[in-house]
Structure formats: C-alpha cells, structure tokens
Amino acid sequence: MGTLKVDEVLHVEQEMNRVRTQIEQLKGALRFMDDTVAFSTIDIRLTGTRPIPRLIEEKFHIGGRVDALTLTDAAGREGTRWGGGAVMQFARNFSLDIDGFSSVREEGPTVLATLGGAAYTDFLGGGSRRFGNPFLGFRMGYARLNHNDLFLLGAEAGVELVHVKYLILELFVRPTALLGDSSDLALHFGAGASVPF
C-alpha cells in the first residue's frame, strides 16, 4: 500500500469536514421543517352564494299591562284607581315604566313614570326557568296625583308566570311612597305581557 502525502491527507480531511457540515445543515433543516409542520395552522375559507344568517338577539322587551293603584290614606280621594301601562325593559335589572290611572271624580288622571330594576334569586333558578321566576326590585321616578307633582320611591316583588323566547307574562306588586305636597303610601299592582324587540 502506498503512503499518502500530507497535502492529500489534508485534502481528504477538508472534504470530510465539508461533508460533515453539509450533513449537520441538512439535519437542522429537517428539524426545522418537522417543527414547522407540527405547529402549522390551516386556514380554511368557505364562501357561498347566500349570506350567513345572523343570530337573532333581543335589544329589549316592550309590553303593556293592566294595573291598579290603591292609596293607603285616601282622605276623601278615590282610594283605588284602575288603569294601564307600558314598559320598556332592557333586562330584568333595568326598565322604564309609564302607567296611567283614571279617576271617576274631579281629581284628574294619575300618572306614574318610573325607572328601576329587579333581580332574580339564584336559589329559585336565577330567571332561567320557563315558569315561575320570582324577582325583587326597586322603583323611583315621578308621579302626578290629584294635580300634584310628587317624587315616587318604591320596592317591587313579582313573578314571571311564563318566560319563553317570545313572551313574558308577569304579576307584580309595588309598595310605593308618593312624596310631596300630598304625600301618601300606595300599593301598585298589576299583570302584564311583554315581547322582545
């Protein structure tokens, strides 16, 4: 066997180093591609000829009711007045109510305009049942009674008899303080229905 010269040995060593470097670079590129595939994201876009239907979302409930207002100290005034009202309810915890009551005497109509809210109890379903959701709340606002402008402050207790997707039927009672020149305590009660808008 012949002997190799020093420059031939060096040349072989350089070639081995070059091949080793190439192998390491290829291994690194292969690891990079494996990681890229492992963490890749697929982006899928579906198109159609018809628009995707938007989910119906209620903005508020609007409704009406029949109700009565009974004064605790009528003092010659008409004690119980019957009427009706309208409600705009943004959620159970906030609503705007306007109620009007007629009078058979010369006392003029009675008007209540209130803001307030109520809450369900988690112990009785938290308002998620279809039947029998009780609630408690408060009211405040304006009252016009016997030609007097009054401040109204009250509490509320009620029950949703029915609460389904397109209808709420409820009963309520509101102990109410009418504060002003002809202050009085009253009981406001009624039954109503509202639908989503």
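Pairs meeting the criteria (first residue in the stretch 119-134 and open to solvent by 50 Å² or more (accessible area, probe 1.4 Å), second residue among the charged types (D, E, K, R) and modelled with pLDDT under 90, beta carbons under 8 Å, at least 6 apart or on different chains) are Ala119/Arg92; Tyr120/Arg92. Taking the criterion of being under 23 Å from the mean Cα position of the chain (by Cα) and part of a loop (DSSP other than H, G, I, E, B), the residues of the stretch 159-197 that qualify are Lys165, Tyr166, Phe197. When every residue of the stretch 122-140 is checked against the conditions, at least one turns out to be within 18 Å of Asp67 (Cβ to Cβ), more than 21 Å from the chain's Cα centre (by Cα) and of a type outside the set (Gly, Ala, Ser). Within the stretch 75-90, how many residues are open to solvent by 80 Å² or more (accessible area, probe 1.4 Å) and either of a type outside the set (A, V, I, L, M) or part of a strand (DSSP E or B) (or both)? So the answer is 2.
Taking the criterion of being aliphatic (A, V, I, L, M) and without any contact (Cβ under 8 Å) to a residue 24 or more places away in the chain, the residues of the stretch 92-118 that qualify are Leu96, Ile98. The single condition among (1) assigned to a helix (DSSP H, G or I); (2) open to solvent by 100 Å² or more (accessible area, probe 1.4 Å) that Glu15 does not meet is (2). Can Leu96 be described as at pLDDT 85 or above and out of contact with any Lys or Arg (no Cβ under 8 Å at 6 or more places or on another chain)? Answer is yes for this residue.
Of all residues in the stretch 91-118, those satisfying the criterion of being of a type in the set (A, V, I, L, M) and open to solvent by 60 Å² or more (accessible area, probe 1.4 Å) are Leu96, Ile98, Val104, Leu115. Apart from one condition, Gly141 fits all of (1) surrounded by 14 or more Cβ atoms within 10 Å (Cβ to Cβ); (2) at positive phi; (3) in a strand (DSSP E or B); (4) modelled with pLDDT under 95; the exception is (4).
When the criteria are applied in full, Lys59 meets the requirement of being under 32 Å from the mean Cα position of the chain (by Cα) and at pLDDT 80 or above.
Looking only at residues of the stretch 168-197 that are of a type outside the set (Gly, Ala, Ser) and under 15 Å from Gly127 (Cβ atoms), we find that the one that is most open to solvent (accessible area, probe 1.4 Å) is Leu169.
Of the residues contained in the stretch 151-158, one or more are found to be surrounded by fewer than 17 Cβ atoms within 10 Å (Cβ to Cβ), more than 26 Å from the chain's Cα centre (by Cα) and hydrophobic (A, V, I, L, M, F, W, C).
The values are calculated or read from the model by the stated rules, or taken from the named source; none is laboratory data. Keep in mind the model is a prediction, meaning the values are calculated, not measured. Quick reminder, even Gly has a Cβ in these numbers, built from the backbone with ideal geometry, and neighbours come from all protein chains shown. Side chains are part of the model used for accessible areas, which takes the heavy atoms of the whole protein and leaves out ligands, DNA and RNA. Shrake-Rupley method; radii C 1.70, N 1.55, O 1.52, S 1.80 Å.
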